[in-house]
Amino acid sequence: MNLIERPTAATIETHGLRKHYGRTLAVNDLTFTVVPGRVTGFVGPNGAGKSTTMRMILGLDTPDEGRALVGGRPYRGLRTPLRHVGALLDANALHPARRACDHLLWMAHSNGIPARRVDEVLDQVGLATVARRRAGAFSLGMKQRLGIAAALLGDAPVLMFDEPVNGLDPEGIRWICGLLRGLAAQGRAVLVSSHLMSELEDTADHLIVIGRGRLLADTSVRDLRAQASGGRAQASGGRAQASGERAQAPGAQTQASGERHGLEQISLEEAYLRLTRDATEYTATEDGT
Amino acid sequence: MMDGFPDVMRAEWTKFRSVPVYLGTLLGAAGLMVLFAVLISSGSPGTYDQAPYVDRFRFTHRPLTGDGSIVARVAGQRADHPWAMAGVMIKESATAGAPYAVLAVTRGHGIRLQARFTTDIAGSDHKAPHWLKLTRAGTVITGYTSTDGSVWRPVGTVTMTGLPSTVEMGLFATSPGAERAVPMRPVLMRTRPGTAVFDNVSVTAPGPPWRTDDIGGAGSPEPPPPLGIEPTAVTVTTPAGDIIGQADDGSRVIAAVAGSIAGLLPLLALGSAFVTAEYEHGLIRTTFAARPGRVQVLAAKAVVLAATVFTTTLVAGLAAFLITQPLLRLQGFRPPTYPDPSLADPTVLRVLVGTAAFLTLGAVLALGVGAILRHTAAAVTTTIVLAMAPVLVTPMAGGPWPQRLGPLAGLSIQQIKETDDAFLLPWAGRTWTGFTLLCAYAAFAFAGGCVLMRRRDP
Ligand SMILES: Nc1ncnc2c1ncn2[C@@H]1O[C@H](COP(=O)(O)OP(=O)(O)O)[C@@H](O)[C@H]1O
Ligand SMILES: [Mg+2]
């Protein structure tokens, strides 16, 4: 791999990020750091500002205030950004008439990445056999894999995935979780977003919880668990709400996790719900009026 | 800005070639260019089907025996075409094709002394009202003009060997329509009947009475007004007609680029879609994440688009040129009237290369509009309306200005021998003016796209 241009630090930092769209304040004074060697979960309800934050990190959306740094440098200043940061924002962002391999090939060309990396990452995500198929014919799962292949293309020390397990089958979810842990174990900084705690609880080592664009918690999973265990008395009260939320999550995963963690798992979910409840409720009433 | 530009260009080229509909559109445009060229070269040579001249007009005349002259003041001329004439004529006989000499005012080309479909001598820039005098002395015909009827200035002299002693002499008017158009180009103007009002008419010796004839079957809806024995005021109305000899009008070259508009339309769509499709599929974020230099990305897109469109359309234009030559010869466009054109001729090269450049600029203009509007349907509609609206408006505008100011003004680069703006060929006599205007449009759209791409979140 070409490592010449690797930044010294595999980190993401945001400092006081703020962004509004019209009258919506999408991100509000958001400061956090993502460090290498672990999977950082980026959780918050729908509309919390996760995608907006990731777009600002990638230099796509310009923050109103604050800044984001990758390996200590602003993204837009990177000459070959794909070698520094691999990102999956939207698995559907593909030209339907373009072959999967060509989609990766133009990305490789744009950053001077050797063309053989295309075959390597296609192999890595299990799409080698359909490399010459047009992306429009791909299922959502295949598109997610292609998006992940694109993120891996530059062998970057920093990786970001926006809702990568959304709409995947249990086997796909398990594959992605394994992949993320593997990438973190190689010493990369991995930031993964989800609006469901259940999708990340087995994968993430660290959690950044946001709601209504604000940082709610920046904590290790263990600490959050411990914190939640302290308030176990309220767990049963929040349970109905929790299962309602989880109805969208793939059933197999939830059950498997439930068996492994028992009450503790519910508590983590409960802790997350309590953290984000205010934000969710506020959003709901705001939408209602 | 230039840092890593080859990489971006390579990426954009990969994007371009990997979407079949882009390549299909490009080849489709090339195919249309060749198809139109072949179709237009397979038709008849139009006006000159029957004879190597057009000789059709209303002639109010009387015989003249021996030497003599005719004087008349053109009091007024009403006609649309710049080459519509009103003046005095000496003609061997009142039949189409007979040798003649005329002195006339025109709408747009001043005073003209013309003879035998070949001679054309320019006089002053005057329009009606103006005095005209044509004299015969043996075989020598001389034309004079005057602003007041007393001081005469010679315009020129033509010698007509073999002119019989008795000829027809009189007043005439023409109103060119389709017959003035190069067969390969549609006419710009609707033509109304031309009317010329003469007064102070006088001829040397009195003679047989005047009569009015429609030469060459000009055919008038109105019968000629009755004339007095020695009229001094005459009105000549010609429904349509012209006096012109067949000459090399550039048809042998123009035919090759007859598909310019047909080729342009798909290329406008291609140019727009090359950027708008990225917005519609959400790919633009992937693009800018891979290369945060947005101007660099749009510039790379423009270079890739321009290079492919230019190469393809230049090859198509060359192919059309080579394919149409034998077809045109078969249709009567052949030497000596229509010399075989050569690719080494700078004019031919200018037309072919200029057409490829015209189409390229159109595609880049569409790319810029696409970057501004970020929506395929909106961008394609806008560019096509921008390009085609002048074509629709011009015939109603009573002047060539809409055509001159739209992006299609770039077709001026195809001029060969035009003396007047044609339907798709504005800025006659100013080859580079319209083309420069199109360059400005393309540059403006591209710059606008750059500014907005930098300012807006993708
Ligand atoms: N491009 C945009 N234009 C307008 N509003 C936006 C845009 N992107 C996001 N938003 C709004 O900003 C808020 C945060 O959205 P987003 O970052 O997508 O949240 P999340 O990814 O956490 O679900 C939402 O209220 C959303 O409607
Ligand atoms: Mg999102």
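The values are calculated or read from the model by the stated rules, or taken from the named source; none is laboratory data. Keep in mind it's a predicted model, so treat the numbers as computed, not measured. Cβ sites come from the backbone with ideal geometry, for glycine too, and all protein chains shown count toward neighbours.
Before we move on, is A:Lys50 within 13 Å of ligand 1 (Cβ to nearest atom), in the same structural domain as A:Val158 (by TED's automatic domain parsing), of a type in the set (D, E, K, R) and touching a Phe, Trp or Tyr at 6+ places or on another chain (Cβ under 6 Å)? Criteria met by A:Lys50.
Against the condition within 14 Å of another protein chain (Cβ to nearest Cβ) and within 16 Å of ligand 2 (Cβ to nearest atom), how does A:Ala26 come out, does it pass? Considered against the rule, which asks whether it is within 14 Å of another protein chain (Cβ to nearest Cβ) and within 16 Å of ligand 2 (Cβ to nearest atom), A:Ala26 comes out as yes.
Once segment B:389-405 is narrowed to residues that are within 17 Å of B:Ala262 (Cα to Cα) and without any contact (Cβ under 8 Å) to a residue 24 or more places away in the chain, the residue that is surrounded by the most Cβ atoms within 10 Å (Cβ to Cβ) is B:Pro390. If only residues of segment A:157-175 that are assigned to a helix (DSSP H, G or I) and over 21 Å from A:Asn46 (Cα atoms) are counted, the one that is farthest from ligand 1 (Cβ to nearest atom) is A:Glu171.
Which one of these is over 30 Å from B:Gly4 (Cα atoms), part of a helix (DSSP H, G or I), aromatic (Phe, Trp, Tyr) and under 27 Å from the mean Cα position of the chain (by Cα): B:Phe310, B:Phe358, B:Phe333, B:Phe321? After ruling out the rest, the residue left standing is B:Phe321.
Residues are listed down the side, and each one gets a yes or a no for (1) in contact with a strand residue (DSSP E or B) (Cβ under 9 Å, 6 or more places away or on another chain); (2) within 14 Å of chain B (Cβ to nearest Cβ); (3) within 16 Å of ligand 1 (Cβ to nearest atom):
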site: A:Arg134; (1), (2), (3): yes, yes, no
site: A:Gly154; (1), (2), (3): yes, yes, no
site: A:Leu183; (1), (2), (3): yes, no, no
site: A:Ser194; (1), (2), (3): yes, no, yes
site: A:Met197; (1), (2), (3): yes, no, yes
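Restricting attention to segment B:418-457 and to residues that are within 14 Å of another protein chain (Cβ to nearest Cβ) and away from ligand 2 (no atom under 16 Å from the Cβ), the residue that is surrounded by the fewest Cβ atoms within 10 Å (Cβ to Cβ) turns out to be B:Arg455. Could you tell me whether A:Asp90 is touching a helix residue (DSSP H, G or I) at 6+ places or on another chain (Cβ under 8 Å) and within 14 Å of another protein chain (Cβ to nearest Cβ)? For A:Asp90, the condition - touching a helix residue (DSSP H, G or I) at 6+ places or on another chain (Cβ under 8 Å) and within 14 Å of another protein chain (Cβ to nearest Cβ) - is met. For segment A:176-214, the candidate set comprises residues that are away from ligand 2 (no atom under 16 Å from the Cβ) and in a loop (DSSP other than H, G, I, E, B); within that set, the residue that is surrounded by the most Cβ atoms within 10 Å (Cβ to Cβ) is A:Ala204. Residues in segment B:222-253 that are of a type outside the set (Gly, Ala, Ser), modelled with pLDDT of 70 or more and touching a Pro at 6+ places or on another chain (Cβ under 7 Å): B:Thr235, B:Thr237, B:Thr238, B:Pro239, B:Asp242, B:Gln246, B:Asp248, B:Arg252, B:Val253. A:Gly71: under 18 Å from A:Ala9 (Cβ atoms) and either within 12 Å of another protein chain (Cβ to nearest Cβ) or within 13 Å of ligand 2 (Cβ to nearest atom) (or both), yes or no? In short, no. For segment A:27-47, the tally of residues that are within 10 Å of ligand 1 (Cβ to nearest atom), surrounded by fewer than 23 Cβ atoms within 10 Å (Cβ to Cβ) and at pLDDT 95 or above stands at 0. Is at least one residue of segment B:63-84 under 20 Å from B:Val158 (Cα atoms), away from every other protein chain (no Cβ under 14 Å) and under 23 Å from the mean Cα position of the chain (by Cα)? Checked against the condition, which is being under 20 Å from B:Val158 (Cα atoms), away from every other protein chain (no Cβ under 14 Å) and under 23 Å from the mean Cα position of the chain (by Cα), segment B:63-84 yields no hits at all. Checked across segment B:283-305, the condition of being out of contact with any Lys or Arg (no Cβ under 9 Å at 6 or more places or on another chain), among the β-branched types (Val, Ile, Thr), surrounded by 24 or more Cβ atoms within 10 Å (Cβ to Cβ) and within 14 Å of chain A (Cβ to nearest Cβ) holds for at least one residue. Inspection of segment A:100-123 finds no residue satisfying the criterion of being at pLDDT 95 or above, within 16 Å of ligand 2 (Cβ to nearest atom), over 25 Å from A:His206 (Cα atoms) and in the same structural domain as A:Ser198 (by TED's automatic domain parsing).
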